[in-house]
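The values are calculated or read from the model by the stated rules, or taken from the named source; none is laboratory data. On a predicted model such as this, the values are computed, not experimentally measured, just so you know. With ideal geometry, Cβ positions are generated from the backbone for all residues, glycine too; neighbour counts draw on all protein chains shown.
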Amino acid sequence: MNLKELCEARYSCRLYQEKPIEAEKLEYIKECVRLAPSAVNRQPWKFLLITDPAQLDIVKACYKREWIQTAPAIVMCLKNESECWTRRYDSHSHADIDIAIATEHLCLAATEQGLAGCWVCNFDIEMLRSTFPIPEGYDPAVLVPLGYPADEPAPKVRKPLDEVWA
Ligand SMILES: Cc1cc2nc3c(=O)[nH]c(=O)nc-3n(C[C@H](O)[C@H](O)[C@H](O)COP(=O)(O)O)c2cc1C
């Protein structure tokens with residue numbers, strides 16, 4: 001698969017098979033995430049791979065959609081606001097940009113391995129903080145349920161090239 005084919009193949013999967021993910025595939029995905037760029041190479045992130053059923057239950061309870069119950073794994077993508085690069089002109093933090101790049105590496109790598117994921121940001125952050133041990137200094141930015149897909153991708157709806165590019 002070339003990059004364009006990979007971008008076409010990646011989609012937001014909202015139904016997963018029970019089948020667990022092979023350790024080699026997880027290692028491959030972890031390495032692709034590790035190689036992501038970040039502002040001033042600060043790498044202000046940590047990723048928690050959650051497969052333990054009790055821990056999965058806690059995290060899934062923080063996202064009020066039935067479909068997440070089917071995910072055999074969830075990656076919690078954490079950002080660190082004190083480690084990231086901040087632009088001195090306006091004090092703008094780049095932690096969100098950094099974590100987004102690494103998260104998309106994760107999603108593309110998973111797709112390449114025949115898996116699927118979905119960006120999830122609409123979780124109950126206060127509930128997550130109070131029920132799950134979040135490492136000191138880190139904030140949950142994205143949850144990525146991960147697994148073998150049990151649904152079919154919908155056709156991609158995107159703005160036309162000439163609207164997006166000037
Ligand atoms: C920053 C971000 C947050 C998102 N949060 C959610 C979410 O909370 N729940 C959800 O079902 N999808 C979420 N999505 C998935 C988008 O809805 C999806 O990427 C978009 O509709 C395009 O569809 P596709 O990923 O299948 O190409 C999120 C995507 C991004 C990039």
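Things worth noting here:
- A Cβ distance below 6 Å, combined with a sequence gap of six or more or placement on separate chains, defines the contacts here; from the range 1-16, residues that are closer than 16 Å to A71 by Cβ and at pLDDT 95 or above reach residues that are assigned to a strand (DSSP E or B) and among the small types (G, A, S) in the pairs C13/A116; Y16/G147.
- The set of residues in the range 145-159 being part of a loop (DSSP other than H, G, I, E, B) and either touching a helix residue (DSSP H, G or I) at 6+ places or on another chain (Cβ under 7 Å) or within 16 Å of the ligand (Cβ to nearest atom) (or both) consists of A150, D151, E152, P153, A154, P155, K156, V157, R158, K159.
- Taking the range 80-109 as the range and being charged (D, E, K, R) and either more than 13 Å from the ligand (Cβ to nearest atom) or more than 24 Å from R14 (Cβ to Cβ) (or both) as the test, the residues that pass are E81, E83, R87, R88, D90, D98.
- For the range 50-79, the set of residues classified as in contact with a helix residue (DSSP H, G or I) (Cβ under 7 Å, 6 or more places away or on another chain) and polar (S, T, N, Q) consists of Q69 only.
- Among residues of the range 110-144 being more than 15 Å from the ligand (Cβ to nearest atom) and among the polar types (S, T, N, Q), the one that is surrounded by the fewest Cβ atoms within 10 Å (Cβ to Cβ) is S130.
- The number of residues in the range 50-64 being loosely packed, with under 15 Cβ neighbours inside 10 Å and either of a type in the set (A, V, I, L, M) or within 11 Å of M76 (Cβ to Cβ) (or both) comes to 1.
- Being exposed (fewer than 14 other Cβ atoms within 10 Å of the Cβ), touching a residue at least 24 places away in the same chain (Cβ under 8 Å) and either among the aliphatic types (A, V, I, L, M) or out of contact with any strand residue (DSSP E or B) (no Cβ under 8 Å at 6 or more places or on another chain) (or both) is a condition met by no residue of the range 67-79.
- If you go through the range 17-57 and keep only what is free of Cβ contacts under 8 Å to residues at least 12 places away in the same chain and more than 14 Å from L106 (Cα to Cα), you end up with E22, A23, E24, N41, D52, P53, A54, D57.
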